[in-house]
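The values are calculated or read from the model by the stated rules, or taken from the named source; none is laboratory data. Since the structure is predicted, the reported quantities are computational estimates derived from the model, not experimental observations. All Cβ positions, even for glycine, are placed from backbone atoms using ideal geometry, and neighbour counts span all protein chains on display.
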DNA sequence: AAAAAAT
């Protein structure tokens with residue numbers, strides 16, 4: 001199995017506990033500026049930025065300093081992952097200092113079947129990304145151990161859990177090929193379908209592999225039995241099909257929650273995930289992946305995946321280097337629309353996603369822009385399933401280049417051509433007890449992570465129309481210790497120049513073809 | 001508060 005190069009094994013235990021116990025909530029201390037100043041715009045003007053001296057030498061880590069500019073998920077040679085520290089905590093079972101589960105540098109070291117390696121080759125995956133180097137040996141080891149894995153958006157989490165699934169399937173008989181052995185749960189229909197696509201491509205050469213999708217159907221026609229080896233779905237539908245014995249779970253070996261923090265945290269979905277898990281064999285390997293694991297969810301996660309090996313990051317390390325974060329002032333909510341149209345008047349580069357707060361405003365903006373001759377599409381949860389499928393497919397193919405959407409697509413969606421993300425509204429959380437709006441840092445990170453994938457560059461532009469929005473954005477900047485730079489809308493030539501300069505030179509290797 | 005997810 002795993003590598004011979006046993007390398008230095010990390011001191012296990014200690015570090016992580018300390019880390020999870022530190023306060024995690026930047027927004028709680030809302031941006032100082034508090035008092036009576038005249039307007040948010042003034043504050044903006046006077047805040048000449050960047051107190052962030054702390055960012056640089058913030059973390060001293062007992063864990064492993066990471067590899068020298070290793071190529072990203074795809075192994076394209078000029079794609080770089082930036083430096084950051086990865087915290088690894090091995091389960092008690094695997095806390096043996098001699099274990100070889102430390103890290104692998106090539107896929108070949110994993111002892112995968114030739115058919116799986118061929119799939120990787122075909123996808124142009126030459127070298128493992130950082131998360132793959134560390135997670136794969138732990139995932140693939142026997143006996144199977146649970147895992148909680150965190151890494152930045154666009155660094156290959158999906159490929160990591162798919163490899164684990166493919167290598168654990170027993171497809172030796174027709175009966176086994178039709179027996180679900182792995183289940184992946186995702187928080188949206190679109191993400192579930194995307195994951196199905198990845199499994200199919202990576203598993204192209206795996207004999208007898210059948211992948212099934214369990215998302216709400218528009219029709220009431222229902223199969224009597226789910227005859228596939230891997231199932232990918234959304235929690236409600238999966239639950240439903242298990243209860244109706246359409247989906248037989250007794251041979252299930254692996255359960256993956258993608259975007260696990262979201263799945264477990266969301267009211268309704270968390271319960272369903274727990275209930276689904278209760279209906280699976282107790283021996284199932286539980287694998288949780290996300291770019292974010294806020295403290296309060298991490299607690300649930302550890303219960304849901306007991307004894308898990310963990311790979312976690314500091315939140316300073318979560319922003320992706322290739323994503324340039326900008327913001328624009330708008331005079332009012334209504335003015336946001338004018339700014340948006342102006343922006344699109346001077347930019348037609350690649351594909352872009354516009355995130356808004358509500359389904360209704362997504363629809364409205366789509367209508368208005370369409371009426372003015374722009375070609376845009378919108379996708380929200382209010383739309384019929386098959387229509388959603390059409391829309392996302394059009395966006396993936398490039399037929400539609402501008403997508404207006406809500407948080408439904410904030411997570412996981414991988415479309416390599418997306419070079420710009422717009423936060424038309426700053427993502428916010430509502431605290432029911434204090435009845436206050438707070439910045440939703442996690443969602444912000446996931447949204448901007450729709451661009452800049454696998455070492456590419458991208459730009460995010462947030463619209464700020466009032467003091468609250470500006471405060472939320474500054475809270476996000478503080479939380480991730482990153483830079484969100486203001487650009488001046490009084491000079492549109494400059495706006496254009498800044499954005500074009502950023503998106504130019506997109507280093508866009510077309511070597512990751514999971515979307516098609 | 002809005003969004004997603006089951007019917």
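Summary table below
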read-out: Condition check for residue A:461: under 25 Å from residue A:500 (Cα atoms), buried (at least 22 other Cβ atoms within 10 Å of the Cβ) and within 12 Å of DNA strand B (Cβ to nearest atom); value: no
read-out: Within region A:208-247, tally of residues that are exposed (fewer than 15 other Cβ atoms within 10 Å of the Cβ) and farther than 14 Å from residue A:279 by Cβ; value: 10
read-out: Some residue of region A:440-455 being within 15 Å of DNA strand B (Cβ to nearest atom), over 22 Å from residue A:378 (Cβ atoms) and surrounded by fewer than 22 Cβ atoms within 10 Å (Cβ to Cβ); value: no
read-out: Subset of region A:140-149 that is closer than 14 Å to residue A:89 by Cα and assigned to a loop (DSSP other than H, G, I, E, B) - its residue that is farthest from the chain's Cα centre (by Cα); value: A:145
read-out: Qualifying strands (runs of 3 or more DSSP E) (wholly inside region A:301-409; at least 2 residues being in contact (Cβ under 8 Å) with a residue 60 or more places away in the chain, away from DNA strand B (no atom under 16 Å from the Cβ) and within 30 Å of residue A:214 (Cβ to Cβ)); value: A:309-312
read-out: Residues located in region A:162-191, provided they are in a helix (DSSP H, G or I) and over 25 Å from the mean Cα position of the chain (by Cα); value: A:174, A:175, A:176, A:177
read-out: Identity of the residue in region A:261-300, part of a loop (DSSP other than H, G, I, E, B) and either more than 15 Å from DNA strand B (Cβ to nearest atom) or not assigned by the TED database to the domain that holds residue A:168 (or both), that ends up surrounded by the most Cβ atoms within 10 Å (Cβ to Cβ); value: A:293
read-out: Residue within region A:340-357 that is at pLDDT 95 or above, surrounded by fewer than 19 Cβ atoms within 10 Å (Cβ to Cβ) and out of contact with any strand residue (DSSP E or B) (no Cβ under 8 Å at 6 or more places or on another chain) present; value: no
read-out: Qualifying positions in region A:197-255 - within 15 Å of DNA strand B (Cβ to nearest atom) and part of a helix (DSSP H, G or I); value: A:235, A:236, A:237, A:238, A:239, A:240, A:241, A:242, A:243
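Per-residue answers, yes or no, for (1) assigned by the TED database to the domain that holds residue A:256; (2) touching a strand residue (DSSP E or B) at 6+ places or on another chain (Cβ under 6 Å); (3) over 29 Å from residue A:90 (Cα atoms):
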site: A:127; (1), (2), (3): yes, yes, no
site: A:138; (1), (2), (3): yes, yes, no
site: A:151; (1), (2), (3): yes, no, no
site: A:188; (1), (2), (3): yes, no, yes
